[in-house]
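Structure first, commentary second.
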């Protein structure tokens, strides 16, 4: 493969996935710049694609089928850990941490009762978040498995055994088509919609309980809270609305000024006079 | 292009500013800015055209660069173009409602234009969510709108292909929003997850595998800027929009009220042009085409383009066909 094309292929891999923990970005001096952390992904893809192309070109139907299966399995694994929206808002283990807490089972008694109940509600919300994330991740994995099966079925020999840029690109585009189709079927499903809604709803409850707890401590320290600012903002908005409604009504009700007086008040000459007076 | 060259080209293009046509700020209210574009052709003698963009993303997509600008196409057709820029809502805007956006901000822009031009009515072009706002405004103030154009505008929010609608249908939107705003970044994640493989990967492959042309990279980076330059959404308006439109589909059921007034689209007494993207993944064609059923016997025209949501603004075909379709339709009315 010409170096330029290979460079481009390496470069696009930069955008496949976030950097793995501990991976260090390379310096400008090695020519790969910020793309370096991801070049491994492109290298792995090239190797897997080459293996597939070799197998497909072997002439044996069983070898070709095995090669296709291997490549589709490889792609499924590569995308399995993609950073997905349902993992973006909450780090893994919100629920897991919550489950470890034994306080969630205690009866709420005594002066700390309200705090304990809030903590228990947060714990329950964390458990629901964790559960919803697991369900979504399972559905994502199912979609990838289906995509991999569709991809393997679409790879029909004879294929060129050379892993040139065109062949790689064709393989990649076919994979994307299969993946997007399989994902769309999953994303439209009742199970996916339910899991996603549960994640958002549980996340909302978790945040709400956390906010309430923080506000409680803020009030003890006499710090302003979001709720107080919101109340003021709503009052201000209400006053603005009343003012907007009142001004036209007041204008309509006011007696009309005599035209002569009105003209003089707004005449440029008068304004000039005022300015001159001020100068003096 | 080598890795070094590619990196340099992307870095250089990172600073490309979107927007090409000259415009003047003519009115403002709060964070809203109303712009009037300077003419580049002989006036066609039509009423001014006010473009109402969505709250999601920024309106400069309508005027991205010289060869990708619907506004430029409209100006070249001799139209007098105004554009609303809603600005970036912050925490102080969290209680701004749809009624505020439609009956105060949008209405204020219309009022200013009509007074300035001494006219009774203008032409309204609503884009995406801005199209919904325009429909509401036109229904509430039909005498102030001479012609209504909607572009990639959802009307029926319960069509089978509408993935966003399915996703939000069981979400407790009041709890989701709380008393705050909705982050633009969170919305971006949502939009990207509609087609994650194409939108987060394949498009970058296309960038790198395509012709290593500077103009192409700059165009790509401007679109990239637009996609990720996402304002937060004012909480109250967002909550109302999701609940009333996505979850309850009120527009289709004739039970939408804005500021205490019923939005009646049946027998809308003004001409309507509906521009639909046949490959739109955000606003499925059926969701837009449903407008015909709502406006009843109005002078209604629907034009379908074989384009996606973003393609409707910036594709080469859109530059050729969409402004011409709008100008041609207006010329006959």
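The values are calculated or read from the model by the stated rules, or taken from the named source; none is laboratory data. Note that the coordinates shown come from a computational prediction; the quantities given were computed from them, not determined experimentally. No Cβ is skipped: glycine too gets one built from the backbone with ideal geometry, and neighbour counts run over all protein chains shown.
Considering (1) within 14 Å of chain A (Cβ to nearest Cβ); (2) surrounded by 18 or more Cβ atoms within 10 Å (Cβ to Cβ); (3) at pLDDT 95 or above; (4) touching a helix residue (DSSP H, G or I) at 6+ places or on another chain (Cβ under 6 Å), say which one residue B:155 fails and leave the rest.
It fails just one condition, (1).
Being under 30 Å from residue B:6 (Cα atoms), modelled with pLDDT under 70 and surrounded by 20 or more Cβ atoms within 10 Å (Cβ to Cβ) is true for just one of A:33, A:45, A:52. Which residue is that?
Working: A:45 fails: modelled with pLDDT under 70; A:52 fails: modelled with pLDDT under 70.
Result of the check over A:33, A:45, A:52: A:33.
Look at residue B:241 and say whether it is more than 14 Å from chain A (Cβ to nearest Cβ), part of a helix (DSSP H, G or I) and within 30 Å of residue B:298 (Cβ to Cβ). Quick ask: steps written out before the conclusion?
Values: more than 14 Å from chain A (Cβ to nearest Cβ): yes; part of a helix (DSSP H, G or I): yes; within 30 Å of residue B:298 (Cβ to Cβ): yes.
Spelling it out, residue B:241 is indeed more than 14 Å from chain A (Cβ to nearest Cβ), part of a helix (DSSP H, G or I) and within 30 Å of residue B:298 (Cβ to Cβ).
Given B:90, B:67, B:63, B:120, which one is closer than 22 Å to residue B:219 by Cβ and surrounded by fewer than 18 Cβ atoms within 10 Å (Cβ to Cβ)? Break it down stepwise before answering.
Details: B:90 fails: closer than 22 Å to residue B:219 by Cβ; B:63 fails: surrounded by fewer than 18 Cβ atoms within 10 Å (Cβ to Cβ); B:120 fails: closer than 22 Å to residue B:219 by Cβ.
From the options B:90, B:67, B:63, B:120, the qualifying one is B:67.
Any idea how many residues of segment B:187-214 are more than 8 Å from chain A (Cβ to nearest Cβ) and free of Cβ contacts under 8 Å to residues at least 60 places away in the same chain?
7
Among the residues in segment A:162-185, are any part of a helix (DSSP H, G or I), within 12 Å of another protein chain (Cβ to nearest Cβ), without any contact (Cβ under 8 Å) to a residue 24 or more places away in the chain and within 25 Å of residue B:173 (Cβ to Cβ)?
For segment A:162-185, residues part of a helix (DSSP H, G or I), within 12 Å of another protein chain (Cβ to nearest Cβ), without any contact (Cβ under 8 Å) to a residue 24 or more places away in the chain and within 25 Å of residue B:173 (Cβ to Cβ): present.
Test residue A:195 against the criterion of being more than 29 Å from the chain's Cα centre (by Cα), in the same structural domain as residue A:52 (by TED's automatic domain parsing) and part of a helix (DSSP H, G or I), and give yes or no. Spell out how you get there, then give the answer.
Numbers: more than 29 Å from the chain's Cα centre (by Cα): no; in the same structural domain as residue A:52 (by TED's automatic domain parsing): yes; part of a helix (DSSP H, G or I): yes.
When the stated conditions are applied, residue A:195 does not pass them.
Consider residue B:165 against the criteria (1) surrounded by fewer than 20 Cβ atoms within 10 Å (Cβ to Cβ); (2) within 14 Å of another protein chain (Cβ to nearest Cβ): it satisfies all of them except one. Which criterion is unmet?
So residue B:165 meets the others, but not (1).
Taking segment B:271-297 as the search range and keeping residues that are surrounded by fewer than 19 Cβ atoms within 10 Å (Cβ to Cβ) and within 19 Å of residue B:135 (Cα to Cα), which one is farthest from the chain's Cα centre (by Cα)?
We begin by selecting, within segment B:271-297, every residue surrounded by fewer than 19 Cβ atoms within 10 Å (Cβ to Cβ); these are B:278-279, B:285-286, B:289, B:292-293, B:296-297.
Now restrict to residues that are within 19 Å of residue B:135 (Cα to Cα): B:285-286, B:289, B:292-293, B:296-297.
Values: B:285: 15, B:286: 18, B:289: 16, B:292: 19, B:293: 22, B:296: 24, B:297: 26 Å.
Once the filter is applied, the top-ranked residue is B:297.
Can you tell me which residue among B:222, B:143 is modelled with pLDDT of 95 or more and not in a strand (DSSP E or B)? Don't jump to the end; show me each part of the working.
Working: B:222 fails: modelled with pLDDT of 95 or more.
Matching residue, one of B:222, B:143: B:143.
Examine segment B:9-17 for a residue that is within 14 Å of chain A (Cβ to nearest Cβ), in a loop (DSSP other than H, G, I, E, B) and either within 25 Å of residue B:90 (Cβ to Cβ) or over 18 Å from the mean Cα position of the chain (by Cα) (or both), and state whether such a residue exists.
Yes, segment B:9-17 contains at least one residue that is within 14 Å of chain A (Cβ to nearest Cβ), in a loop (DSSP other than H, G, I, E, B) and either within 25 Å of residue B:90 (Cβ to Cβ) or over 18 Å from the mean Cα position of the chain (by Cα) (or both).
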